[in-house]
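For reference, the structure is listed below as structure tokens.
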Amino acid sequence: MASSQHLSAIKGSKVLMVGAGGIGCELLKTLALSGFQDIHIIDMDTIEVSNLNRQFLFRQSHVGQSKAKVARDAVLRFRPQISITSYHANVKDSDFNVDFFKQFSVVLNGLDNLDARRHVNRLCLAAAVPLVESGTTGFLGQVTVHIKGQTECYECQPKPAPKTYPVCTITSTPSKFVHCIVWAKELLFAKLFGDKNQDNDLNVRSNDAASSSNHPEDVFERREDEDIEQYAKRIYDHVFGHNIESALANEETWKNRNRPRPIYVKDVLSDEPLQQNGISDKIPPTDNLSTVSAMAYLGLKNPQDIWSLKENSRVFFAALKLFFSKRQKEIGNLSFDKDDHLAVEIVTAAANIRAASFGIPLHSLFEAKGIAGNIVHAVATTNAIIAGLIVVEAIKVLQNDTKNCRMTYCLQHPSRKMLLMPVEPFEPNKSCYVCSETPLSLEVNTQRAKLRDVVEKIVKSKLGMNLPLITHGSGLLYEVGDDLEPDEVANYEANLEKVLSELPYAITGGSIITVEDLRQELVCKINIKHREEFDEEKEPDGMVLHGWTPSAAPAVENDNDAATNNGASTSSTSKSLPDDMEEDDELIIVETGIETIPAGKKRKLSDISNSETTDEKRAKKIPEQLEDDADVVVMLDDGNENGNNDIS
């Protein structure tokens with residue numbers, strides 16, 4: 001039974017929940033049953049069929065409706081006396097500003113991406129409202145408490161970064177199915193349906209005799225007199241046949257590797273027209289583009305079946321035809337979306353055909369989607385455990401019992417005979433630019449770098465500011481906002497294209513610029529240090545920011561599959577899970593990265609000496625055995641000197 005003190009703290013509170021997915025459904029139910037009277041929920045998502053296996057407040061009839069609203073209605077049916085306010089919106093919208101956050105006693109996060117988490121963290125700091133963060137991935141979970149001035153903020157420590165693969169592995173020497181998925185998703189799909197002008201490592205040079213020898217055509221450009229069947233055959237033969245043939249010419253590449261086999265349409269499907277291979281000209285009429293499916297088109301029913309090479313080829317042709325016949329207007333602007341069933345189908349088929357070429361086992365659409373969407377299988381029980389722990393910590397915060405607040409980790413295997421590992425929160429990181437306002441330092445060539453480079457590579461990408469404002473001295477150099485006059489917008493756009501040293505208020509070595517995000521109420525000062533040269537491989541941005549908390553070093557896979565460190569700090573994570581993995585529509589909700597300890601730091605808590613640094617203490621206090629169940633993939637150009645082994 002809750003004490004009267006507990007009940008008083010609960011009933012007098014006003015709580016904001018951000019996220020109504022896997023954790024959010026459990027959390028809202030637990031808050032309501034624990035006696036909370038005033039709850040607000042923000043979630044921008046709508047309910048999908050695949051959510052129903054774990055987000056228990058939703059039913060089949062709710063598909064397509066707002067998660068926040070349906071969750072509210074579901075809970076009010078068994079707790080009609082409490083107040084629940086739902087917002088079907090993005091937490092980064094201007095309506096949810098610092099003043100909005102100030103009205104709450106505590107904020108409870110159940111988000112699925114790093115950018116939104118950082119945004120909420122900054123608003124909570126600006127509003128001086130405690131934040132309880134959470135996340136689950138498979139059997140693993142964590143709950144952390146962040147109180148301004150008393151504990152570290154969400155951004156005080158590095159966040160796990162995705163596993164990365166060199167471009168040469170993806171384009172030339174794949175040895176795992178995940179390599180084929182990345183190739184199909186990031187290269188082939190992007191070239192077929194994305195912006196044709198974007199750089200792409202896919203080999204698009206045609207060997208067609210009709211092409212000029214001096215100016216080989218881009219094979220992905222559809223010819224005026226070419227029907228979709230001819231175009232599809234040409235693409236298939238190029239990427240699965242010609243490109244493999246070209247690569248095989250480089251004997252050095254295959255000395256210690258299994259040689260791939262080129263695959264052409266005539267080898268897999270008969271010479272008869274594609275219509276006689278199950279790919280007819282008749283396309284079922286439909287106005288709902290989300291229901292367009294190559295599987296349904298071909299009569300394939302079970303997504304867990306592993307298709308043969310012939311079936312994968314048929315799916316590839318059918319999906320390509322459906323894109324061009326039903327979704328023609330989208331072509332040129334598409335990017336891969338794991339919730340786009342037709343996109344998943346063509347990526348699965350292409351990845352399997354490439355896998356067959358390289359002797360890699362084929363996978364089902366179910367498995368391929370999991371890899372393509374950075375997915376770990378969901379465990380609903382973990383969400384329930386974490387939701388309960390969030391409420392426990394929230395009650396402590398509401399009672400001002402911060403000395404008993406704990407970061408709690410849910411483990412897959414017992415550690416010290418415990419599956420739940422509580423750890424005392426850490427003090428704020430004095431070098432954190434978000435909560436400690438420590439000045440940053442930027443090394444940059446002020447005579448070559450443009451203001452746009454600083455805005456895109458530093459201010460937005462690394463500092464996570466959405467609406468930045470940049471000043472130097474008394475001069476305003478750049479601003480974003482809806483209330484700007486047209487001439488102001490033009491002026492700031494012009495500044496973006498100017499070299500730093502040629503701006504109206506010139507930025508040179510020794511300058512101090514101020515960068516702020518008015519919505520987040522975050523202000524950073526950056527000391528500029530001029531530097532002439534940068535290592536293109538190690539410092540690809542052409543500038544280096546010091547004093548911020550970067551993502552921990554991603555695991556980098558080289559050509560012989562040995563994991564290596566790319567030179568970045570590994571002070572807080574070795575095996576890491578990504579923070580930007582998103583909720584999957586069939587398998588899982590992956591709502592956070594999970595912190596792990598670095599190798600070589602496994603010691604008992606009792607062994608920690610008073611002389612150790614905060615980082616060392618942190619490493620030893622965090623649970624030891626948290627496993628990475630997902631391959632999260634990013635292509636990394638590793639500067640491989642073997643420039644000739646070009647399979648794309």
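Key figures for this structure:
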read-out: Gained length - residue 525 relative to residue 259, 0.36 nm times residue gap less alpha-carbon distance; value: 90.3 nm
read-out: Point-to-point label distance, residue 53-residue 7, nm (Cα→Cβ direction, 7 Å offset); value: 4.2 nm
read-out: Estimated FRET transfer efficiency when R0 is 35 angstrom, pair residue 89-residue 420 (beta carbons, to 0.05); value: 0.55
read-out: Accessible area in square angstrom per residue, segment 440-546, 1.4 angstrom probe; value: 50 Å²
read-out: Mean accessible surface per residue for segment 56-157, computed with a 1.4 Å probe while every protein chain stays in place, in Å²; value: 35 Å²
read-out: Size of electric dipole in segment 1-123: Cβ of Lys, Arg +1 and of Asp, Glu -1, about Cα centre, debye, nearest 20; value: 280 debye
read-out: Ordering of 333-345, 175-187 by burial proxy (mean other Cβ atoms within 10 Å per residue, highest first); value: 175-187, 333-345
read-out: Sites residue 308 and residue 333 - FRET efficiency at Förster radius 41 Å, r taken between beta-carbons, to 0.05; value: 0.80
read-out: Per residue accessible area of segment 213-262, 1.4 Å probe, in Å²; value: 58 Å²
read-out: Contour minus Cα-Cα distance for residue 73 and residue 400 (0.36 nm per residue); value: 114.6 nm
read-out: Carbon plus sulfur fraction of accessible area for segment 440-546, probe 1.4 Å, in percent; value: 47 percent
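The values are calculated or read from the model by the stated rules, or taken from the named source; none is laboratory data. Here the structure is a predicted model, which means the values were calculated and not measured. Virtual Cβ from ideal backbone geometry, glycine too; neighbours counted across all protein chains shown. In case anyone asks, the SASA skips ligands and DNA or RNA and just uses the protein heavy atoms, side chains included. Shrake-Rupley method; radii C 1.70, N 1.55, O 1.52, S 1.80 Å.
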